[in-house]
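The values are calculated or read from the model by the stated rules, or taken from the named source; none is laboratory data. Note that the structure is a prediction, hence the values are computed from the model and not measured. So basically every Cβ, Gly included, is an ideal-geometry build from the backbone, and we count neighbours across all protein chains shown. Heavy atoms of the whole protein, side chains included, go into the accessibility calculation; ligands, DNA and RNA do not. Shrake-Rupley method; radii C 1.70, N 1.55, O 1.52, S 1.80 Å.
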Amino acid sequence: MVKTNVMRLLSAAKIPFQIVEYEVDEQDLSGSHVADQIGQDHDAVFKTLVLKGEKTGYLVCCIPVDLELDLKKVAKAAGDKRVEMIPVKELQPLTGYVRGGCSPVGMKKKFPIYIEETAVLFDEIAVSAGVRDAQVVVNPQMLADYTGAVFASLT
């Protein structure tokens, strides 16, 4: 396993994490598939989504893989009237990450981050390690503290 920027940043911050690798299925890039592959509770495996607010600009949301964002709740959390998902083609130039490998840690720029509040129910959650074939398993509070994330109702 090649050490990703996400792993280097978490190590440098002395945040304990585990690396879990999985087989990428180009036909199924869903988080549910990833959760099954790594043998984790689907509610504890989080996908990272990038949105743009009408007034607030870009923001990042981490939610359990089987759930969908409630855009009204996200807008409320971000203090905006309206938010929408960014087009996939904008993801890599904006964040440095590809679809299926987007992580809340180590994006090109610092964006406001919101994590679904249910994350605090778990000792550890999995988020992308910044590549399509690995996840990092980390304490949700430590992740939030490191990234400056806010826990909110997003789904």
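Brief remarks on what is shown
- Probe 1.4 Å, protein heavy atoms only - accessible area per residue of the chain in square angstrom: 52
- Protein heavy-atom surface of the stretch 21-155, 1.4 angstrom probe: 49% of the accessible area is carbon and sulfur, with nucleic acids and ligands not counted.
- Evaluated over the Cα positions of the stretch 97-155, the convex hull gives a direction-averaged projected area, one quarter of its surface, of 4.0 nm².
- Whole-angstrom gap from the stretch 1-79 to the stretch 95-155, using each part's C-alpha centre: 5
- Taking all protein chains as they are arranged and a probe of 1.4 Å, the heavy atoms of SER11 leave approximately 50 Å² accessible to solvent.
- Plainly put, the stretch 50-97 has a radius of gyration that is 0.96 times its Kirkwood radius, both from alpha-carbon atoms, as the Rg/Rh ratio.
- The chain: mean projected area of Cα convex hull, nm²: 8.2
- Label sites at ALA12 and VAL88, each approximated as a point 7 angstrom past Cα along Cα to Cβ, lie 3.1 nm apart.
- Unit charges on C-beta of K, R, D, E only; dipole of the chain, Debye: 1040
- Using 0.36 nm per residue and subtracting the Cα-Cα separation, the extra length available between LEU71 and VAL98 on full extension is 7.5 nm.
- Convex hull (Cα only) mean projected area of the stretch 1-89, reported in nm² to one decimal: 7.5
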